[in-house]
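Here is the structure we will look at.
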Amino acid sequence: MGRGYGGRGFGCVAVFLLSLSLGLTGPVAAADPTPVDLELAFVVDASGSIDEDETKLQRQGYLDALRNNRVLEAVTGGLHNAIAVAYIEFAADGCERLSVPWTRIHDKASAEAFGAKILAQPLMFCPGGNAVGDALAFAATSIEKNTFKGIRRVIDISGDGPNTLGSPVELVRDLIVATGTTINGLVIERPFMPDLDAYFRGNVTGGPGSFVIKAESRKTFAQAILKKMILEIAGKQPDTTASAL
């Protein structure tokens, strides 16, 4: 794998700004979109600092969370008894990939099928830093183009570092939040970045009910994914935005 999954530099932001100028914000891409309770984009760090074992751990964590009974209860407990999800991976600028396309989840079988596709994806190799702003813009554009219409829209981004390349993340965050979309964060703690959760809260996340959860070790990563997914699907917040596991 290499570069070429998305625009470079301000590419994703330019596309998103164009959609704003044309009045295309909101899930209106399809002529007859499928109604769901939530459009939820999983945006997952696949940069060089995430090794192969951690990549597998992340992917398995999403599969395990999706088929968890508490998550399935939240999925089927809304007005439409279904949500739409997509799995997006990112690294340096120009390295955004829609790894698993937008899919309707409405029961355990559909959740497990989506999770199996996550596990089956080849590793994405694109070293050079974290283009968090580009990843958010890519996810927002993907939401605009999908064939679903959700009551709520959430971008769920995980990462182990700040924005170091590409578009200014604060600008992208503000544009996305202005459309009514919420951005939540899952921080993978590194010893040399003890305040990364505060950085995410101040610069990356935002919107109605937004929050950040911190996974303090590999052992707690899957637990953090599960907690975050339940809160997002149910439309709730953790006890504190600085929640750590």
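The values are calculated or read from the model by the stated rules, or taken from the named source; none is laboratory data. Every value quoted in this text rests on a predicted model; they were computed, and no experiment measured them. Every residue, glycine among them, receives a Cβ derived from its backbone with ideal geometry; neighbour counts consider all protein chains shown.
Can you find a residue that is outside any helix (DSSP H, G or I), under 25 Å from P35 (Cβ atoms) and among the basic types (K, R) anywhere in region 86-105? Among the residues of region 86-105, at least one is outside any helix (DSSP H, G or I), under 25 Å from P35 (Cβ atoms) and among the basic types (K, R), which makes the answer yes. Inspection of region 53-73 finds no residue satisfying the criterion of being under 14 Å from the mean Cα position of the chain (by Cα), part of a strand (DSSP E or B) and more than 16 Å from P101 (Cβ to Cβ).
Quickly run through region 57-87 and pick out the residues that are of a type in the set (D, E, K, R) and touching a residue at least 60 places away in the same chain (Cβ under 8 Å). Listed by number, the residues that qualify are R59, D64, R70. Every residue in region 182-197 that is in contact (Cβ under 8 Å) with a residue 12 or more places away in the chain and not acidic (D, E), please. Correct list: T182, I183, N184, G185, L186, V187, I188, R190, M193, L196. Consider F125 carefully, then state whether it is closer than 18 Å to E54 by Cα and out of contact with any strand residue (DSSP E or B) (no Cβ under 8 Å at 6 or more places or on another chain). It is true that F125 is closer than 18 Å to E54 by Cα and out of contact with any strand residue (DSSP E or B) (no Cβ under 8 Å at 6 or more places or on another chain). Tell me, which residue of region 209-229 that is within 14 Å of the chain's Cα centre (by Cα) and not in a helix (DSSP H, G or I) is farthest from A178 (Cα to Cα)? Here the answer is I213.
Only one of the listed residues (G202, G209) is surrounded by fewer than 23 Cβ atoms within 10 Å (Cβ to Cβ), farther than 18 Å from I88 by Cα and at pLDDT 95 or above. That residue is G202. Of all residues in region 166-181, those that are more than 20 Å from R152 (Cβ to Cβ) have Cβ atoms under 6 Å from Cβ atoms of residues that are of a type in the set (A, V, I, L, M, F, W, C) and not in a helix (DSSP H, G or I), 6 or more apart or on another chain, in G166/A131; S167/F10; V169/V204. On the stretch given as region 171-197, residues that are under 19 Å from A41 (Cα atoms) and either not in a helix (DSSP H, G or I) or not aliphatic (A, V, I, L, M) (or both) total 13.
Among the residues of region 143-159, those identified as more than 24 Å from K236 (Cα to Cα) and either of a type in the set (F, W, Y) or surrounded by fewer than 20 Cβ atoms within 10 Å (Cβ to Cβ) (or both) are K145, T147. Residues that are in contact with a helix residue (DSSP H, G or I) (Cβ under 7 Å, 6 or more places away or on another chain) and closer than 22 Å to L175 by Cβ occur at least once in region 97-120.
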